[in-house]
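Have a look at the structure below, then the notes.
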Amino acid sequence: MTTIGIHDIELATGHYVLHLDDLAAYNGVDPMKYHAGLGQDEMSVVAPDEDIVTMAASAAAALLARTGTAGIRTVFFATETGVDQSKAAATWVHKLLGLPQNVRVTELKQACYAGTVALQAALGIVSRNPAERVLVIASDIARYELDSPGEPTQGAGAVAMLIGANPALLEIEPHSGLFTAEVDDFWRPNGSNTAVVDGKLSVSAYLDALSGSWEDLQAAGGPAVSEIDRMIYHQPFTKMARKAQTRLREITGGTAQNDAALQTQEDALAAAASYNRRLGNTYTASLYSGLISLLDNDPADLTGKRLGLFSYGSGSVSELFTGIVQDGYRQVRDSSRVAKLLDEREKLSVARYRELHESVSYADCVTPKVTASPFRYVGTSDQARKYERV
Ligand code: CAA
């Protein structure tokens, strides 16, 4: 039987890092509030010549260097940091990667959830024609107002995934638990570079969406909690995954078998949080950077293990689905690559970070050369964005 899922996956992030100890000192906050209270240690920050397109192209180029481009006829770009109201960010990525012209590309939006709808659409395309492969990219820059409660949860990153038949990493199973509820927990009005957020409401909306998705997954015939070996959650800050696991225990715990599985899942949350603690929130990419983090950092052999993946996008849409880790998954990727990427970021002072935060603009400009990544945002000329391969 043909299986379909994630064949390969890769991550890219911003040029800079801000250490949350420095932000805590500036804000006069106990650093343990960030490290333990939110579960965050660092945040990635983009350089003036980086954006969602350059990060997306960097992640995809690293992936395609291993897999090649054969069979790719679709590129889906999920983001809530769109750089244009009409043109898909995928058009620039398509050009930067040198993909052939007989490829369809588009951009998808629903807050942090859109990467998952892109993945589901890709599974549909491959199930119609197993010879095709789909490049799914999730890329975002999380920006809140300076001095706001959301500030320490900012971040930046992109994940690229190749979806195909007989995947080498993760077979995606057919059942999904879905939940949609219109709610004003977090959004970004037209013309605003930062999100508007009701933080406490967003946390409760996320947890209610998890309950609703779980219920729907069970109604759809999905696996019981005792049949799921690891849980990976969307991580706006990594403590949120712990809150989610507590909610899952509330709705499924109480039998010896379930409690044992829930404990094993809880013990593994640290592995899925390892990169996210250092990236910050990457919105659409966050669930999938959690997946990479788990695959790279869980000391157990995950071959044949069932992963539960919970995707949440404010506003709100959520989906809970499962996948089976494939034999040989450890040979697919270099498990030291992402840690190296994170270590190599250039450290920012709080003063410089605040300057960069306030300098985001869509006006015509020429950017300085800063990024060490293979792609640059050159600037905007006559309102048109320009990119180059370095
Ligand atoms: N040591 C240890 N822990 C400490 C501490 C200290 N010195 N001081 C405070 N804490 C703990 C608090 O007890 C609290 O823990 P619990 O959540 O377990 O109760 C935690 O630190 C946070 O502190 P506050 O309750 O004071 O909350 P805050 O005012 O700092 O705001 C937040 C937290 C609402 C999450 C805020 O960061 C925010 O608005 N973030 C952006 C929105 C967000 O990420 N929402 C998540 C769900 S929505 C979503 O998932 C979509 C998305 O990506 C945005």
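Rule-based calculations on the coordinates, nothing more; no lab input. Model, not experiment: these values are computed from the prediction. Heads up, the Cβs are rebuilt from the backbone with ideal geometry, glycines too, and the neighbour counts pull from every protein chain shown.
Tabulated data for the structure shown
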item	result
Cβ-Cβ under 6 Å pairs, at least 6 apart or on other chains, segment 147-161 side within 11 Å of Ala56 (Cα to Cα), far side of a type in the set (Phe, Trp, Tyr) and more than 9 Å from the ligand (Cβ to nearest atom)	Val159/Tyr288
Residue identified as over 24 Å from Ala205 (Cα atoms) and crowded, with 20+ Cβ neighbours inside 10 Å among Leu135, Leu99, Leu119, Leu108	Leu135
Strands (runs of 3 or more DSSP E) (entirely within segment 277-387) containing at least 3 residues that are of a type in the set (Val, Ile, Thr)	317-325
In segment 9-43, the residues that are touching a strand residue (DSSP E or B) at 6+ places or on another chain (Cβ under 6 Å) and surrounded by fewer than 21 Cβ atoms within 10 Å (Cβ to Cβ)	His19
Index of the failed condition, Ser289 passing every other in (1) surrounded by fewer than 15 Cβ atoms within 10 Å (Cβ to Cβ); (2) out of contact with any Asp or Glu (no Cβ under 9 Å at 6 or more places or on another chain); (3) small (Gly, Ala, Ser)	(1)
Residue count, segment 157-207 (criterion: of a type in the set (Phe, Trp, Tyr), under 30 Å from Glu227 (Cα atoms) and buried (at least 21 other Cβ atoms within 10 Å of the Cβ))	1
Selected residue (only one of Glu319, Glu250 is within 24 Å of Glu171 (Cα to Cα) and either within 16 Å of the ligand (Cβ to nearest atom) or in contact with a Pro (Cβ under 9 Å, 6 or more places away or on another chain) (or both))	Glu319
